[in-house]
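S.K.: This is the structure, below, for whatever I ask next.
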Amino acid sequence: MRDLYKKRHWQVSGPTFYQLHLLFDKHFDEQSGLVDALAERIQSLGGVSIAMAHDVAEMTLIPRPPRGREEVPTQIARVLRAHEIVLNEARAMARQAAETGDDGTNDLLVSEVIRTNERQAWYASEHLGNTPLVVHEG
């Protein structure tokens with residue numbers, strides 16, 4: 001997710017360039033913080049965090065965007081789809097953590113991951129206005 005935001009930060013263009021450039025950078029920083037918090041939680045529970053970018057890329061459920069620059073509505077649509085995936089997974093994991101009595105993990109997922117991704121999706125979607133969502137697969 002965070003790398004998707006960094007790609008958008010570097011490749012956004014058009015009349016909303018400056019606002020989206022700043023927004024994507026802010027969201028990248030927030031996603032980086034979430035990754036760190038999740039990795040620390042995994043380690044504190046005795047697990048081993050995924051640390052290498054190629055391992056993360058292999059395991060992610062978020063589709064890899066095509067190379068090159070896309071139109072702003074398509075960029076935002078991809079970001080919104082990624083948030084949808086993250087939110088679906090985080091909600092399922094939060095329920096599982098609650099069912100097993102892992103309050104710390106449940107709190108991290110609900111208070112940080114879910115709330116941050118909901119807010120970021122809202123901010124990104126506001127840039128679409130009435131623009132139809134079009135994602136060009138490539």
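The values are calculated or read from the model by the stated rules, or taken from the named source; none is laboratory data. Not measured: the values here are computed from a predicted model. FYI the Cβ positions are ideal-geometry reconstructions off the backbone, even for glycines, and counts take in every protein chain you see. Quick note on the areas: whole protein, heavy atoms, side chains included, nothing else; ligands and nucleic acids left out. Shrake-Rupley method; radii C 1.70, N 1.55, O 1.52, S 1.80 Å.
S.K.: Hydropathy at least -0.5 by Kyte-Doolittle, axial extent at least 30 angstrom from the Cα trace: which helices of the chain, defined as entire DSSP H runs, fit? Mind showing how you got there, number by number?
M.R.: Values: long enough: 17-44 (40 Å, -0.23); 72-99 (40 Å, -0.03).
The qualifying helices are 17-44, 72-99.
S.K.: Compute the length gained on full extension between D25 and S111: take 0.36 nm times their separation in residues and subtract their Cα-Cα distance, giving the result in nm to one decimal. Please report the intermediate quantities before stating the final value.
M.R.: Numbers: separation 86, 0.36 × 86 = 30.96 nm, distance 2.15 nm.
Difference between extended and current length: 28.8 nm.
S.K.: While we're looking at this one, here's another question. Before rounding to the nearest 500, sum -39500 (n - 2.57) across all DSSP H runs of length at least 4 in the chain and divide by the residue total; then give [θ] at 222 nm in deg cm²/dmol. Before the final figure, lay out the partial values.
M.R.: Numbers: 6 runs with 90 residues, N = 138.
After summing the helix terms and dividing by the residues of the chain, the value is -21500 deg cm²/dmol.
S.K.: Separate question: Please state the relative contact order of the chain as a whole percent: Cα pairs under 8 Å, 6+ residues apart? Walk me through the numbers before you get to the answer.
M.R.: Working: 111 pairs, mean separation 36.9, N = 138.
Over the chain, the number comes to 27 percent.
S.K.: Next up: If you roll a 1.4 angstrom probe over the protein chains with everything in place, what fraction of the accessible area of region 3-58 belongs to carbon and sulfur, to the nearest %?
M.R.: Working: 2170 of 3480 Å².
Carbon plus sulfur share of accessible area: 62 percent.
S.K.: Enumerate by residue number the trypsin sites (Lys or Arg not before Pro) in region 27-136 meeting two conditions: DSSP loop (anything except H, G, I, E, B), and at most 11 other Cβ atoms within 10 Å of the site's Cβ. Each step should come with its number before you reach the end.
M.R.: Values: sites: R41, R67, R69, R78, R81, R91, R95, R115, R119; in loops: R67, R69.
Of the trypsin sites (Lys or Arg not before Pro), the ones in loops of region 27-136 whose Cβ has at most 11 other Cβ atoms within 10 Å are R67.
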